[in-house]
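Following: one structure in structure tokens, then a few remarks.
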Amino acid sequence: MKHQRRTQAERTEASRNALIQAGRRLFADRGYASVGTAEIVAAAGLTRGALYYQFADKTALFVTVLDQVEAEVVQQVARVLDGAGDLGPLARLAASAEAWLEACADPGVQQIVLVDGPAVLGWERWREIGQRHGMGLTTAALHHAMDAGAIPAQPVAPLAHLLVGALDEAALYVSRAPDPTSTRRDIAAVFRRLVYALAAQD
């Protein structure tokens, strides 16, 4: 039986995915600044015209790659929590922080999310993308902790922003450390103490 020919929409989607995957591999391996559009389209097996049909420029492709990586990191954290059993609310918060730091130990994630993200897009745009993915998970965990009485009721949004910002800074700190493995353990312990300090009453 002959395979049905792909529709134009399917070919367009396949080209887009090929460009995203090629860009992701190259950005992760060598960094945004060291990768040219000609190299990206060659790795994807496409033409430069195909790139500019899908994306306004290399930065637009990078934004899509960053968005994809951020989403996958959050999914990885969510899977860790799903398999964590009946942890208490504060233990879940601490476990999610450790899972985030573990995900950011991947060199490709470090390069795309922690190094190139703020350098290419600027701090505000980088932060907006990161918070769009991680903020929902953090906010839900804080609501659960407050509903369970594990931490005092308080405005969730500012606390969630504080914790997400602390985690981003922690991941950056670990990525630049001479011994990332031991530094990650130290940071995880610090964050665990920070989380459990939230239980203190005013």
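Annotations for the structure displayed:
- Cα centroids of the stretch 1-60 and the stretch 78-92: 37 Å apart.
- Taking N as its residue count, the alpha carbon Rg of the chain over 2.2 N^0.38 Å: 1.20
- Of all the options G149, G134, G31, the one that moves most in a Gaussian network model of the chain with Cα springs shorter than 10 angstrom is G149.
- Computed over the chain: relative contact order in percent, which uses C-alpha pairs under 8 Å that are six or more apart: 21
- Net charge of neighbours whose Cβ lies under 9 Å from the Cβ of G108, counting Lys and Arg as +1 and Asp and Glu as -1: 0
- Between 0 and 90°, nearest 10: helix 58-82 axis offset from the chain longest Cα axis: 40
- The chain: angle of helix 89-103 to the longest principal axis, Cα-based, in degrees nearest 10: 30
- Whole-number percent relative contact order across the stretch 16-82, with pairs defined as alpha carbons under 8 Å at least 6 apart: 36
- Local electrostatic count at G122 - Lys and Arg +1, Asp and Glu -1, tallied over other residues with Cβ under 15 Å: -2
- Total formal charge among the other residues, if their Cβ is under 12 angstrom from that of E72, Lys/Arg +1 and Asp/Glu -1: -1
- Exposed loop sites were defined as trypsin sites (Lys or Arg not before Pro) in DSSP loop states (anything but H, G, I, E or B) carrying at most 15 other C-beta atoms within 10 Å; in the chain the longest segment without such a site runs 7-202.
- Residues in the chain average 54 Å² of solvent-accessible surface per residue, probe 1.4 Å, ligands and nucleic acids excluded.
- On Cα atoms only, tilt of 180-197 relative to the major axis of the chain in degrees: 50
- Apportionment of accessible area to carbon and sulfur, the chain, percent (1.4 Å): 54
- Accessible-area rank, largest first, for Y53, Y32, Y173, Y196: Y53, Y173, Y196, Y32, with all protein chains present and a 1.4 angstrom probe.
The values are calculated or read from the model by the stated rules, or taken from the named source; none is laboratory data. All values reported here derive from a predicted model rather than from experimental measurement. Every residue, glycine as well, gets a Cβ built from its backbone with ideal geometry; the counts of neighbours run over all protein chains shown. Ligands, DNA and RNA are stripped out before the accessible areas are found, and what is left, the full protein with its side chains, is counted by its heavy atoms. Shrake-Rupley method; radii C 1.70, N 1.55, O 1.52, S 1.80 Å.
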